[in-house]
Number of protein chains: 2
Amino acid sequence: MNYPKTILNLIECFKKFPGIGEKTAERLALSTLTMDKELLETFGESLTDVKTKIKKCSKCGSLSEDDLCEICKDKNRDSSILCVVEESKNVILFEKIGTFNGLYHVLDGLISPLDGINPEDLQIKSLIKRIKDENIKEIILAIKPSVEGETTALYIRKMLEGTDVIISKIAHGIPMGADIDYIDPLTLEMAIEDRTTIS
Amino acid sequence: MNYPKTILNLIECFKKFPGIGEKTAERLALSTLTMDKELLETFGESLTDVKTKIKKCSKCGSLSEDDLCEICKDKNRDSSILCVVEESKNVILFEKIGTFNGLYHVLDGLISPLDGINPEDLQIKSLIKRIKDENIKEIILAIKPSVEGETTALYIRKMLEGTDVIISKIAHGIPMGADIDYIDPLTLEMAIEDRTTIS
């Protein structure tokens with residue numbers, strides 16, 4: 001004897017999510033038993049909607065239910081500055097700060113020859129095209145400081161050689177509120193490198 | 001700008017699960033973007049199936065897709081001994097051990113006057129009826145040693161006064177592998193109380 005088939009199916013589905021193991025999947029699947037029918041129906045519908053309704057913005061590549069995302073549609077935003085991010089979900093992170101008023105460009109990954117990810121697999125060509133077509137003045141590279149991130153940044157810089165677009169990168173350094181005693185040497189090195197003059 | 005509506009719906013649904021907060025819900029909702037369409041469809045269907053397909057076994061109250069659960073249907077099990085548990089999911093826990101060969105009875109809660117849960121709200125009447133009708137020789141109370149658990153155990157004992165059914169309870173004591181140094185006094189007290197002779 002084990003759980004009924006429906007519950008077993010649910011456990012298997014929950015286990016497919018990152019960070020959810022056997023025990024948690026069981027707990028989550030069993031908690032559906034006491035949930036409202038309506039809630040479960042909405043949940044079920046939203047899950048299937050993900051594949052049918054969610055698209056990528058045809059311009060910047062961020063998540064959207066329309067052809068163009070809300071940001072690209074917004075006429076009040078500064079269309080001369082692009083924030084270049086690795087994944088579409090990063091866009092939301094930056095939007096949550098609420099201070100960046102430019103547009104975005106989602107690369108859909110980082111260059112990683114070891115994993116077989118080459119520049120052609122990413123949205124780099126379309127980035128270069130946008131920079132030229134849309135008269136972009138500055139791109140901010142907001143990608144992580146890993147080997148792949150550095151390679152990607154280097155490649156983009158090379159591709160833009162000879163153009164007068166400003167290429168900047170977000171600062172890497174001590175997180176706000178962190179105690180300097182506990183920061184790793186690499187971060188400290190970056191913090192010194194990315195230092196800014198204050199007077 | 002925020003997530004598309006479908007993703008927001010998903011985040012809200014995930015947040016309804018126990019132990020899942022805003023951040024985890026976001027992470028889980030976003031991970032659906034890279035999942036197979038088939039998996040998401042199975043997931044969605046299973047969620048709605050929970051309310052339509054999963055019933056309670058008409059005899060013991062454990063989870064089942066049929067009128068009678070697999071355990072109650074099984075002719076090879078010892079039908080003279082009942083393991084009394086609080087919730088239907090507890091049945092699976094005991095089944096996982098694989099050594100208990102009797103039947104179960106799910107109380108659907110514990111007596112708790114403060115929460116407005118009285119004996120009539122639980123499957124106690126049906127338990128007493130089963131004990132008489134099915135010629136049960138022993139019931140094992142496998143309920144937690146809380147105030148509610150003790151009250152429920154006491155009530156069941158009172159209801160069975162004058163019958164010759166054996167009432168036992170599972171042992172409370174030191175968990176296997178635990179260091180005795182770190183056990184709380186109440187558990188130690190229970191462990192002494194529930195001691196067994198070994199020679």
Does the stretch A:170-185 include one or more residues that are acidic (Asp, Glu) and assigned to a helix (DSSP H, G or I)? yes
So A:Lys144, is it basic (Lys, Arg) and assigned to a helix (DSSP H, G or I): no
Among (1) within 17 Å of B:Lys169 (Cα to Cα); (2) exposed (fewer than 13 other Cβ atoms within 10 Å of the Cβ); (3) among the charged types (D, E, K, R), there is one condition B:Lys144 misses while meeting the rest; what is its number? (2)
Report, by residue number, each residue of the stretch A:98-113 that is assigned to a loop (DSSP other than H, G, I, E, B) and over 24 Å from A:Asn76 (Cβ atoms). A:Leu107, A:Asp108, A:Gly109, A:Leu110, A:Ile111
Residue within the stretch A:114-122 that is at negative phi, loosely packed, with under 14 Cβ neighbours inside 10 Å and touching a residue at least 12 places away in the same chain (Cβ under 8 Å) present: no
Given A:Thr24, A:Thr48, A:Thr6, which one is under 25 Å from A:Val91 (Cβ atoms), buried (at least 16 other Cβ atoms within 10 Å of the Cβ) and without any contact (Cβ under 8 Å) to a residue 60 or more places away in the chain? A:Thr48
Which residue pairs have Cβ atoms closer than 7 Å, lie 6 or more positions apart in sequence or on different chains, and pair a first residue in the stretch B:161-174 that is among the hydrophobic types (A, V, I, L, M, F, W, C) with a second residue that is assigned to a strand (DSSP E or B) and surrounded by 12 or more Cβ atoms within 10 Å (Cβ to Cβ)? B:Val165/B:Glu138; B:Val165/B:Ile139; B:Ile166/B:Glu138; B:Ile167/B:Ile139; B:Ile167/B:Leu141; B:Ile170/B:Ile140
Can you pull out every residue in the stretch B:55-68 that is crowded, with 19+ Cβ neighbours inside 10 Å and not charged (D, E, K, R)? B:Cys57, B:Cys60, B:Gly61, B:Ser62, B:Leu63, B:Ser64
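For (1) closer than 19 Å to A:Cys72 by Cβ; (2) β-branched (Val, Ile, Thr); (3) touching a His at 6+ places or on another chain (Cβ under 6 Å), each residue gets a yes or a no:
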position: A:Lys96; (1), (2), (3): yes, no, no
position: A:Asp115; (1), (2), (3): no, no, no
position: A:Ile124; (1), (2), (3): yes, yes, no
position: A:Ser146; (1), (2), (3): no, no, no
position: A:Leu154; (1), (2), (3): no, no, no
May I ask you to list the residues in the stretch A:172-190 that are surrounded by 10 or more Cβ atoms within 10 Å (Cβ to Cβ) and either within 23 Å of A:Ile124 (Cβ to Cβ) or over 23 Å from the mean Cα position of the chain (by Cα) (or both)? A:His172, A:Ala178, A:Ile183, A:Leu186, A:Leu188, A:Glu189
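If I filter the stretch B:88-106 for residues that are charged (D, E, K, R), in contact with a Leu (Cβ under 9 Å, 6 or more places away or on another chain) and either surrounded by fewer than 19 Cβ atoms within 10 Å (Cβ to Cβ) or modelled with pLDDT of 95 or more (or both), do I get at least one hit?
Looking through the stretch B:88-106, none of the residues is charged (D, E, K, R), in contact with a Leu (Cβ under 9 Å, 6 or more places away or on another chain) and either surrounded by fewer than 19 Cβ atoms within 10 Å (Cβ to Cβ) or modelled with pLDDT of 95 or more (or both).
The values are calculated or read from the model by the stated rules, or taken from the named source; none is laboratory data. Everything quoted here is computed from the prediction, not taken from an experiment. A quick note on method: Cβ atoms are made from the backbone with ideal geometry, for glycine too, and the neighbour counts reach across all protein chains shown.
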